[in-house]
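Novice: What follows is a single structure, and I will ask about it in a moment.
Every number in this text was worked out from the coordinates using simple rules, so none of it is lab data. Just so you know, these numbers come straight off a predicted model, no measurement behind them. Quick reminder, even Gly has a Cβ in these numbers, built from the backbone with ideal geometry, and neighbours come from all protein chains shown.
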Amino acid sequence: MAKSSKRISQFAHTFIIAAERCSLPRKLPDGQIEMPLIPGLICRAFSIELNFKAIITQENHTERGHELSDLFDKINESTRTEIINKSGYSKSIFYKNLKEASDTFIKWRYMYEQGSIHCDLGFLKVLSDVAQDISRKVCQE
């Protein structure tokens, strides 16, 4: 079965939902608060990957891999510009943040094996929301 850009976009949305649910604090019986932030971060990064792949598929290409910056480079220039503009970041800051976040899905799945790693959750949230909006728009056409 051929990949459907709309289906990929819809699937990506489920990971945004999962990320949002992971960011909701839950009070445990002992009074502690539980928030699975790392699974939420991983879901958010995966949603970006899938939305980028949905856009790429809609543009009649297929792409594999997890590196967000590599996938972003495969998106046509006008769509990349729209994503950057809607993010609210300058082009240079956007690319800097994208490069830093590029392997989030890869590294954070095995965070326990890493030393100290950093992630700009604010940028990932903005990028996941913008990527979802653009993906839905282009994949519905």
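Novice: Give a residue-ordered list of calculated ³J(HN,Hα) values for the range 51-66 (Karplus: 6.51 cos²θ - 1.76 cosθ + 1.60, θ = phi - 60°; whole Hz; x for Gly, Pro).
Specialist: In residue order, the calculated couplings are 5, 4, 5, 4, 5, 4, 4, 4, 7, 6, 10, 10, 8, 10, x, 10 Hz.
Novice: Sticking with this structure for a sec: Only Lys, Arg, Asp and Glu count, each charged at its Cβ (+1, +1, -1, -1), so figure out the dipole size of the chain about its Cα centre, rounded to 20 debye.
Specialist: On the way: 20 positive and 18 negative charges, 56 e Å.
I would put it at about 280 debye.
Novice: Further question: Tell me, 4, 128 in order of fewest to most beta-carbon neighbours within 10 Å?
Specialist: Final ranking by Cβ density, sparse to dense: 4, 128.
Novice: Looking at 84, 102, 47, which one has the Cα that reaches farthest to the positive end of the dipole of the range 33-141 (charges on Cβ: Lys, Arg +1; Asp, Glu -1)?
Specialist: Checked the options; the winner is 84.
Novice: Cα-Cα over 20 Å: which of 27/107; 99/125; 53/125; 3/91; 6/74; 53/74?
Specialist: Where the Cα-Cα span goes over 20 Å, the pairs concerned are 27/107; 3/91.
Novice: To continue, here is another question. Tell me the trypsin sites (Lys or Arg not before Pro) within the range 1-86 that lie in a loop according to DSSP and have at most 13 other beta-carbon atoms within 10 Å.
Specialist: 3, 64
Novice: With mean projected area of the Cα convex hull in nm² as the read-out, I listed (i) 8.9; (ii) 9.3; (iii) 9.8; which label goes with the value calculated from this structure?
Specialist: Computing mean projected area of the Cα convex hull in nm² and matching it to (i) 8.9; (ii) 9.3; (iii) 9.8 gives (iii).
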